Amino acid sequence: EIKGKRGENLRAFAEAARASRDLAVLRTDVDLRLDLAAARRRQPDSKRLMAILSELRMQNLLKTVSASVRESSAEYSAVTEEAEWRAFLDALRRRPRFALDTETDSLRPRDADIVGLSFSWEAGRAHYIPLKGPAGTKLLDRSEVLKGLRPILEDPGVAKIGQNIKFDMLVLRRAEVELRGIEFDTMVAGYILNPGAKGHNIDVLAMEYLQYRKFRTEEVIGSGRNQITMDIVPLETVAKYACEDADIAWRLYEVLSEEIEKEGLGRLFREVEMPLVEVLADMEWTGVAVDVEALRKMSSELGGMMAELEEEIYRTAGEKFNVNSPQQLRDILYGKLGLEPPKKTRKTKALSTDAEALETLAAAHPLPKLVLEYRSLAKLKGTYVDALPEAIHPATGRIHASFNQTQTATGRLSSSEPNIQNIPVKSDLGRGIRAAFRAGEAGWKILSADYSQIELRMLAHYSGDEALLKAFADGEDIHAAVAARLFGVPPSKVTRQQRAKAKAVNFGIIYGQTAFGLARELNIGNSEAQEIIDAYFAGHPKVGECLRGIVASALDTGRVETILGRRRFVPELKSTDHATRKLGERLAVNTVFQGSAADLIKKAMVEIRSDLKGRRKDGKPWRARMIMQIHDELVFEVPVEEVEELKALAKDRMEKAIEMKVPLVVDIGVGDTWLDAK
């Protein structure tokens, strides 16, 4: 009786409709045997329950169950009486290893006073020794506590475990205690096991590996405007929080140490990543000196250049407007000037004024290019020239950037507060910033040791491509050598333009660059760019085989591995979305080469630091110190009399850190400033 399309569908799919109705009907004729006694409410098996909830990603239920377990199972104590302190210290002295954690009144180690220390060597049990607290808090004598702990904390034969233990090392160093015997950092362990995870903080690791919800820091000290410092938190609260930190670090150690060995990552963890923690702690503690006057002068010059650009922007636009306002710029570009929009932003659907859009629009009008120049100067001035002097510590007169070991999925280090790894190097202005970095001691020099074309050497090593291997073995200019094959000319006849194209292809191969991307970079047509790429693979067939092999292996195993066995999972390769799969291919290839380069320099850093802790050839202790790591470059501060010996040492250690099919080459430079050394 039903007319139209609906009726046609019902008649065509009548069987399916009836089956759907049957599925929706509750059956009341089933013989159910109900054991009422088994349905009685009882305490759950928390461990099994949390494992199930974790597997099913039922995070809210997991937090609830975990919190109830936490409240009922832990034995935490604050040590405030002399007798308790003596008993604790006696027990600690007998431990071959333990987890520790410091509570501080600041997150900046150079400014942080210790509020208290917590220790654990047994799951579910921990002790907190308060050194500061609100008025009326019963405390032990700070100097006596540190005096009692110092021999244990400084004993390299007693293994120390912690979460982000580099922070504890620096805080204790400020209190004149050298933490030695660093065995296990749970944050680094979590990172090694899954570098692509969203986070490696102790809260995330506890939930992931222990199905345990920790007290969050904001639950203790608040957040935003209402945030307080740990030294004014009541003892009962801070003791519970601190003990839990040490307890969970110990429990994570028990789980993660086994997991690392099971996954075959033990050697990378023990020989590279854990020793690197101490290398980075030394670098952060030492810091780097900058010439404030040079930066102020540069800031003034940049301000003048920006003012001139603003006036030119106004003249080109035909009116004054706020160059920093995307809306006002949008009105000028797409409204007044009527430029054809290149794209729309995904989220807001508003006409874009980002760098990519402005670069496209620059072909049609001079204004977008001027705005890009203005933004470049503004970023340089705000991010570096004006910010670097503000980052100088008043007590040391140096900048103490943080070097982050667990933030990139490829294994590379990053830096923050401030980020000194992204200082531009190609422009004169960027190089001017490097000129402000100088030796902080009279009569000292800056020494730079930089791997030459390390990722291309990794490509030659992995692919075994004969042409690349020969070029590197013979010490040829690799870009000129590739250009000669690409364009069918002798190396001596390669033009500057041909070499530039070969260089773009060489590096583009590693980063999965498309013909479209190469065309944009070289300002050539897509077809010419594709011809260049095709010619490259025709001349280097093993490179193509290598790249395809990396992707195929990653598809099969779900991950890629670097030269020292570092792993990265690449779930993007299994995506149903074409663009995401292509991204996965680029990530897989890039991680192998960039991650292997990271392995190489990390291993070299560990070995050089070990050497610098020893003695020179004349028996005197080294005074030179490593102060920065910038991707493939190590930067040192060195007395003049140690320069030649350090040059030889750094070159030898870096070039022999890992045996490869191609020779490694390290360029060494020395000067009064970082720029001079480059």
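The values are calculated or read from the model by the stated rules, or taken from the named source; none is laboratory data. Computed from a predicted structure; not experimentally measured. No Cβ is skipped: glycine too gets one built from the backbone with ideal geometry, and neighbour counts run over all protein chains shown. All accessible areas refer to the heavy atoms of the entire protein, side chains included, with ligands and DNA or RNA removed. Shrake-Rupley method; radii C 1.70, N 1.55, O 1.52, S 1.80 Å.
Hey, what's the Kirkwood Rh for segment 277-332 if you take every pair of different alpha carbons, in angstrom?
Values: mean 1/r = 0.0674 Å⁻¹.
The answer is 14.8 Å.
Step through the residues of segment 218-228 one at a time and calculate ³J(HN,Hα) from phi using the Karplus curve (6.51 cos²θ - 1.76 cosθ + 1.60, θ = phi - 60°), rounding each to whole Hz and writing x for Gly and Pro.
Rounded to whole hertz, the list is 5, 6, 9, 10, x, 8, x, 5, 8, 5, 10.
Can you tell me which aspartates and glutamates have their Cα less than 18 Å from the Cα of Lys617? Leave out same-chain residues fewer than eight positions away.
Glu607, Glu641, Glu642, Glu644, Glu645, Asp652
Compute the semi-axes of the equivalent ellipsoid of segment 33-94, taking the square root of 5 times each eigenvalue of the Cα gyration tensor, and list them largest first in whole Å.
40, 16, 10
How big is the Kirkwood radius of segment 82-130, worked out from every pair of different alpha carbons and given in Å to one decimal? Numbers along the way, then the final one.
Values: mean 1/r = 0.0834 Å⁻¹.
About 12.0 Å for segment 82-130.
Out of segment 121-177, which trypsin sites (Lys or Arg not before Pro) are coil in DSSP terms and have no more than 14 other C-beta atoms within 10 Å? Mind dumping the intermediate values first?
Numbers: sites: Arg125, Lys132, Lys138, Arg142, Lys147, Lys160, Lys166, Arg173, Arg174; in loops: Lys132, Lys138.
Listed in order of number, the matching sites are Lys138.
With viscosity set to 1.002 mPa s and temperature to 20 °C, compute the Stokes-Einstein D of the chain, Rh being the Kirkwood radius across alpha carbon pairs; µm²/s, no decimals.
Numbers: Rh = 29.6 Å.
Once the numbers are plugged in, D ends up at 72 µm²/s.
Need one number: % antiparallel among DSSP beta bridges in the chain, to the nearest 5.
On the way: 42 of 52 bridges.
For the chain, the DSSP antiparallel bridge percentage is about 80.
Taking every pair of alpha-carbon atoms in segment 349-394, what share in percent sits in each 10 Å bin, from 0 to the bin with the longest distance?
25, 35, 23, 13, 4
Based on alpha-carbon atoms only, what is the radius of gyration of segment 183-290 relative to the globular estimate 2.2 N^0.38 Å?
Numbers: Rg = 16.4 Å, N = 108, 2.2 N^0.38 = 13.0 Å.
So the Cα radius of gyration is 1.26 times the expected 2.2 N^0.38 Å.
Please give, to one decimal in nm, the separation of the simple spin-label points placed at Ser325 and Asp386, each 7 Å out from Cα toward the Cβ.
Each label point lies 7 Å from its Cα, and together they span 1.9 nm.
To the nearest µm²/s, what D does Stokes-Einstein give for segment 57-154 at 20 °C and 1.002 mPa s, using the Kirkwood radius over alpha carbon pairs as Rh? Display every interim value, and only then the final one.
Values: Rh = 15.3 Å.
The diffusion coefficient I find is 140 µm²/s.
Percent relative contact order of the chain, based on C-alpha pairs within less than 8 angstrom and at least six residues apart? Mind showing how you got there, number by number?
Details: 988 pairs, mean separation 83.7, N = 678.
Once divided by the residue count of the chain, the mean separation gives 12 percent.
Normalised by the empirical 2.2 N^0.38 Å for globular proteins, what value does the Cα Rg of segment 555-678 take?
Numbers: Rg = 19.0 Å, N = 124, 2.2 N^0.38 = 13.7 Å.
After normalising by residue count via 2.2 N^0.38 Å, the value is 1.38.
Given Lys381/Lys602; Lys379/Lys426; Lys198/Lys602; Lys138/Lys166; Lys47/Lys262; Lys262/Lys574, which pairs have Cα atoms separated by over 20 Å? Please report the intermediate quantities before stating the final value.
Working: Lys381/Lys602 31 Å; Lys379/Lys426 15 Å; Lys198/Lys602 23 Å; Lys138/Lys166 29 Å; Lys47/Lys262 22 Å; Lys262/Lys574 25 Å.
Too far apart for the 20 Å limit: Lys381/Lys602; Lys198/Lys602; Lys138/Lys166; Lys47/Lys262; Lys262/Lys574.
Select from Ile454, Met274, Val79 the residue farthest towards the positive end of the dipole of the chain; place +1 on Cβ of Lys and Arg, -1 on Cβ of Asp and Glu, and compute about the Cα centre.
Ile454
Against the 2.2 N^0.38 Å scaling, with N counting residues, where does segment 310-396 land? I'd like the Cα-based Rg ratio to two decimal places.
Details: Rg = 15.9 Å, N = 87, 2.2 N^0.38 = 12.0 Å.
This ratio for segment 310-396 stands at 1.32.
With just the Cα atoms defining each centre, how far is segment 141-166 from segment 241-320? Give it in Å.
Going from one Cα centre to the other spans 26 Å.
Regarding segment 407-524, what whole-number volume in Å³ per residue does the convex hull of its Cα atoms give?
Details: hull volume 22.2 nm³, N = 118.
In segment 407-524, the Cα convex hull volume per residue is 188 Å³.
Based solely on its DSSP helices, what 222 nm [θ] is calculated for the chain when runs of n ≥ 4 H residues each add -39,500 (n - 2.57) and the sum is averaged over all residues, nearest 500 deg cm²/dmol? Display every interim value, and only then the final one.
Working: 28 runs with 340 residues, N = 678.
Computed mean residue ellipticity for the chain: -15500 deg cm²/dmol.
Let a ≥ b ≥ c be the square roots of the eigenvalues of the Cα gyration tensor of segment 229-280; is it rounded (a/c under 1.5), or, if not, prolate (a/b larger than b/c) or oblate?
Oblate.
Quick one: accessible area per residue over segment 125-218, 1.4 Å probe, rounded to a whole number of Å²?
Details: 3680 Å² over 94 residues.
Dividing the accessible area of segment 125-218 by its residue count gives 39 Å².
Kirkwood Rh over alpha-carbon pairs of segment 323-453, then Stokes-Einstein at 37 °C and 0.692 mPa s: what D in µm² s⁻¹, rounded to an integer? Intermediate results must be reported in sequence, preceding the final value.
Working: Rh = 18.2 Å.
For the chosen part, D equals 181 µm²/s.
Could you give each residue of segment 574-586 its phi-based ³J(HN,Hα) in whole Hz, using Karplus coefficients 6.51, -1.76, 1.60 with θ = phi - 60°, and x for Gly or Pro?
Result, rounded to whole Hz: 9, 5, 7, 8, 4, 4, 5, 5, 4, 4, x, 5, 5.
Using only the Cα atoms of segment 1-109, what do you get for the radius of gyration and for Dmax, in Å?
Radius of gyration, then largest Cα-Cα span, for segment 1-109: 30.4, 92 Å.
Length gain on complete extension for the stretch Glu641 to Asp155, per 0.36 nm per residue less the alpha carbon to alpha carbon distance?
Numbers: separation 486, 0.36 × 486 = 174.96 nm, distance 3.30 nm.
Using 0.36 nm per residue and subtracting the Cα-Cα distance, I get 171.7 nm.
Using the basic label-point model (7 angstrom from Cα toward the beta carbon), what is the Lys47 to Thr576 distance in nanometres?
4.0 nm
Which is farthest toward the positive dipole end of the chain among Met306, Tyr334, Met50, measuring Cα position about the Cα centre, with Cβ charges +1 (Lys, Arg) and -1 (Asp, Glu)?
Tyr334
Report, please, the projected area of segment 596-657 averaged over directions, based on the convex hull of its C-alpha atoms, in nm². Let's see the in-between values first.
Working: hull surface 15.5 nm².
Answer in nm², one decimal: 3.9.
Suppose every K and R has +1 on its Cβ and every D and E has -1 on its Cβ; what is the size of the dipole of segment 515-666 about the Cα centre, in Debye to the nearest 20?
Details: 26 positive and 24 negative charges, 145 e Å.
Using Cβ point charges on Lys, Arg, Asp and Glu, segment 515-666 gives about 700 debye.
What accessible surface, in Å², does a 1.4 Å probe find on Asp672, ignoring ligands, DNA and RNA and rounding to the nearest 10?
The accessible area comes out at roughly 80 Å².
Please calculate the 1.4 Å probe accessible area of Thr229, with all protein chains present, and give it to the nearest 10 Å².
60 Å²
Hey, if you drop one equal point scatterer on each alpha-carbon of segment 189-250 and run the Debye formula without solvent, what base-10 log of I(q)/I(0) do you get at q = 0.16, 0.18 Å⁻¹?
So the normalised log intensities work out to -0.60, -0.72.
So, with +1 on the Cβ of K and R and -1 on the Cβ of D and E, and no other charges, what is the size of the charge dipole of the chain about its Cα centre, to the nearest 20 debye?
1640 debye
Ratio to report: Rg/Rh of segment 106-149, with Cα atoms as the point set and Rh obtained by the Kirkwood method; give two decimals.
Values: Rg = 12.2 Å, Rh = 12.0 Å.
So for segment 106-149, dividing Rg by the Kirkwood Rh gives 1.01.
Which of the peptides 38-46, 187-195 is most tightly packed, and how do the rest follow, judged by the mean count of other Cβ atoms within 10 Å per residue? Mind showing how you got there, number by number?
Numbers: 38-46: 8.6, 187-195: 22.9.
Ranking the peptides 38-46, 187-195 by packing returns 187-195, 38-46.
Once the cut-off is 14 Å, how many percent of the Cα-Cα pairs in segment 527-594 end up in the long-distance tail? Show your work: numbers first, answer last.
On the way: 1399 of 2278 pairs.
Cα-Cα pairs of segment 527-594 separated by over 14 Å account for 61 percent.
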